[in-house]
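Each remark here refers to the structure printed beneath this line.
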Amino acid sequence: MILAQLPDPQLNPLFYTKVTKYMLYSACGVDNSQAKYMVNGQCSKHSSKDYRKRTDWAENSYLLYTRPDNGLHFECNRTRFTNEYMVPHCPQLFFFDCHINIKVSAGLETVKYLSKYIYKSFDRATMKISGEV
């Protein structure tokens with residue numbers, strides 16, 4: 001099961017703690033115009049997602065997850081986070097105690113994405129030192 005919404009802190013406080021610690025997109029755009037991802041007045045990472053009543057397939061073969069406008073929120077550093085800022089996550093993987101972004105995809109884009117990472121070479125840099133050392 002993959003979710004993109006805040007759990008109810010009263011019903012599942014441990015899950016709520018993990019989600020609010022690891023699974024929030026950074027506030028960007030209207031909510032934080034000084035964010036490092038701002039480019040020409042727009043959030044380049046598209047961190048805020050629209051509320052959705054149900055999960056649907058997008059044109060690019062990825063899922064658009066349910067993000068209800070149910071009033072649940074989390075506040076951190078004077079920023080209010082709602083389901084719009086939730087990273088897709090799998091509750092069963094929280095025993096790793098870290099951020100794990102989960103996405104479900106099907107279609108040609110998936111094959112391209114996986115191929116890119118399988119055949120991606122190591123990052124490298126070329127340096128030239130001149131003058132006295």
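The values are calculated or read from the model by the stated rules, or taken from the named source; none is laboratory data. Computed from a predicted structure; not experimentally measured. Ideal geometry is used to build each Cβ from the backbone, glycine not excepted, and the neighbour counts take in all protein chains shown.
Looking only at the stretch 103-117, how many residues end up being among the small types (Gly, Ala, Ser) and either farther than 11 Å from GLU59 by Cα or touching a Leu at 6+ places or on another chain (Cβ under 8 Å) (or both)? So that I can check it myself, show each step before the final result.
Step one: of the stretch 103-117, the residues among the small types (Gly, Ala, Ser) are 105-107, 115.
Checking the rest, the ones that are also either farther than 11 Å from GLU59 by Cα or touching a Leu at 6+ places or on another chain (Cβ under 8 Å) (or both) come to 105, 115.
Qualifying residue count, the stretch 103-117: 2.
Filter the stretch 89-121 for residues that are among the aliphatic types (A, V, I, L, M) and part of a helix (DSSP H, G or I); which is farthest from LYS21 (Cα to Cα)?
LEU108
So GLN92 passes all but one of these: (1) in contact with a strand residue (DSSP E or B) (Cβ under 8 Å, 6 or more places away or on another chain); (2) among the polar types (S, T, N, Q); (3) farther than 14 Å from GLN5 by Cα; (4) at pLDDT 85 or above. Which condition number does it fail?
The failed condition is (1).
Taking the conditions exactly as written (without any contact (Cβ under 8 Å) to a residue 12 or more places away in the chain and among the aliphatic types (A, V, I, L, M)), does LEU93 satisfy them or not? Outline the logic, then answer.
Numbers: without any contact (Cβ under 8 Å) to a residue 12 or more places away in the chain: yes; among the aliphatic types (A, V, I, L, M): yes.
When the stated conditions are applied, LEU93 passes them.
Restricting to the stretch 34-57, count the residues that are outside any strand (DSSP E or B) and either of a type in the set (D, E, K, R) or loosely packed, with under 10 Cβ neighbours inside 10 Å (or both).
9
Within the stretch 14-29, does at least one residue satisfy the condition of being touching a residue at least 12 places away in the same chain (Cβ under 8 Å), loosely packed, with under 15 Cβ neighbours inside 10 Å and part of a loop (DSSP other than H, G, I, E, B)?
No; the residues of the stretch 14-29 include none that is touching a residue at least 12 places away in the same chain (Cβ under 8 Å), loosely packed, with under 15 Cβ neighbours inside 10 Å and part of a loop (DSSP other than H, G, I, E, B).
Considering each residue of the stretch 58-88, count those that are in contact with a strand residue (DSSP E or B) (Cβ under 6 Å, 6 or more places away or on another chain), under 12 Å from THR20 (Cα atoms) and crowded, with 16+ Cβ neighbours inside 10 Å, and give that number.
So the count comes out to 4.
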